[in-house]
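To start, the structure under review is shown below, and the notes come after it.
Since every read-out is calculated from the coordinates, none of them should be taken as a lab result. What you are looking at is a predicted structure, and each value in this text was computed from that prediction instead of being measured. So basically every Cβ, Gly included, is an ideal-geometry build from the backbone, and we count neighbours across all protein chains shown.
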Amino acid sequence: MLEIIGVSKSYSHGTVKAVNQVDLAVKNGEIFGFLGPNGAGKTTLIKIITGILNADEGTVKINGQDIRTNPIEAKMQFGFVPDDPNMFTRLTGIEYLNFIADIYLVPRETRQQRMKILLDRFELTNALNDLIQSYSHGMKQKIVIIGALLPNPPVWILDEPMTGLDPRSSFVLKEMMREQADSGQTVFFSTHILDVAEKVCDRIAIINKGKVIFSGTMEEIHEHFKENKSLEKMFLELTENE
Ligand SMILES: Nc1ncnc2c1ncn2[C@@H]1O[C@H](COP(=O)(O)OP(=O)(O)OP(=O)(O)O)[C@@H](O)[C@H]1O
Ligand SMILES: [Mg+2]
């Protein structure tokens, strides 16, 4: 599970409050969607959760491990897909995956089994010996996803993971997110694709200008509006009024 307690973060010497007093809890067995307009603070919060940025205030715990005080233990709990897949592009696909597996101490036999399954599912086996810099955007996205899932982490943290994926890979990822949640683990992801959020999420939060303006189940957001509107309509209304 993932606990975010009273987290705030400002940029530019306090002039831009990117994340403002955010409290969220993502339970085991849950797919949690994080929605919000461009510049709302999603990536900033995700960078705080994953320990890339330090919060000005507040606490983040991943399966009970505090990202600030127990960074290594906390990081062993999650796999992370950042919003930009241009990482380690001068490695080949297989070098990159072995590098990740080494860091996460995945035993040789387990890594080979898991690599085979993931590479088959995302249809990337043939590109393994090529440099990542020669990959298409979608292929880079896939190798980063495979790397994040390779250690079989209990918590998945994904920043706009469907970007650039073709329909089949996007379907596979959604299927795997459901399997992960159904096995009692946690998925937290940001997205702009409201159809995906509506279909796959157990709960969502909407953030605008650094503040969470709604958090709850799909039924709760419908109840809130007391009308049978699409998530798109509700999102537009919520983020306009703020
Ligand atoms: N390094 C930085 N320095 C200064 N301001 C920043 C920095 N990174 C982000 N910001 C500001 O913080 C705010 C939140 O940005 P963030 O990247 O978290 O938004 P986001 O919700 O992920 O947006 P998007 O949907 O476009 O990915 C924006 O106002 C942005 O301009
Ligand atoms: Mg972002």
Which members of segment 57-88 meet the condition of being away from ligand 1 (no atom under 13 Å from the Cβ) and among the acidic types (Asp, Glu)? GLU57, ASP66, GLU73
Which of the residues belonging to segment 24-53 are touching an Asp or Glu at 6+ places or on another chain (Cβ under 8 Å), among the charged types (D, E, K, R) and more than 13 Å from ligand 1 (Cβ to nearest atom)? GLU30
Can you report the number of residues in segment 153-207 which are within 14 Å of the chain's Cα centre (by Cα) and among the acidic types (Asp, Glu)? 2
For segment 190-206, which residues satisfy the criterion of being more than 11 Å from VAL26 (Cα to Cα) and not polar (S, T, N, Q)? HIS192, ILE193, LEU194, ASP195, VAL196, ALA197, GLU198, LYS199, VAL200, CYS201, ILE206
Note: among TYR104, TYR96, just one is more than 16 Å from the chain's Cα centre (by Cα), within 27 Å of LEU165 (Cα to Cα) and crowded, with 21+ Cβ neighbours inside 10 Å, namely TYR96
Answer residue from segment 19-43, given it is within 14 Å of ligand 2 (Cβ to nearest atom) and surrounded by fewer than 23 Cβ atoms within 10 Å (Cβ to Cβ) and is nearest to ASN70 (Cα to Cα) among those: THR43
When only residues in segment 178-196 that are aliphatic (A, V, I, L, M) and touching a Leu at 6+ places or on another chain (Cβ under 8 Å) count, which is nearest to ligand 1 (Cβ to nearest atom)? LEU194
Name the single residue, out of those in segment 196-226 being farther than 30 Å from VAL16 by Cβ and either of a type in the set (Lys, Arg) or in contact (Cβ under 8 Å) with a residue 24 or more places away in the chain (or both), that is surrounded by the fewest Cβ atoms within 10 Å (Cβ to Cβ). LYS226
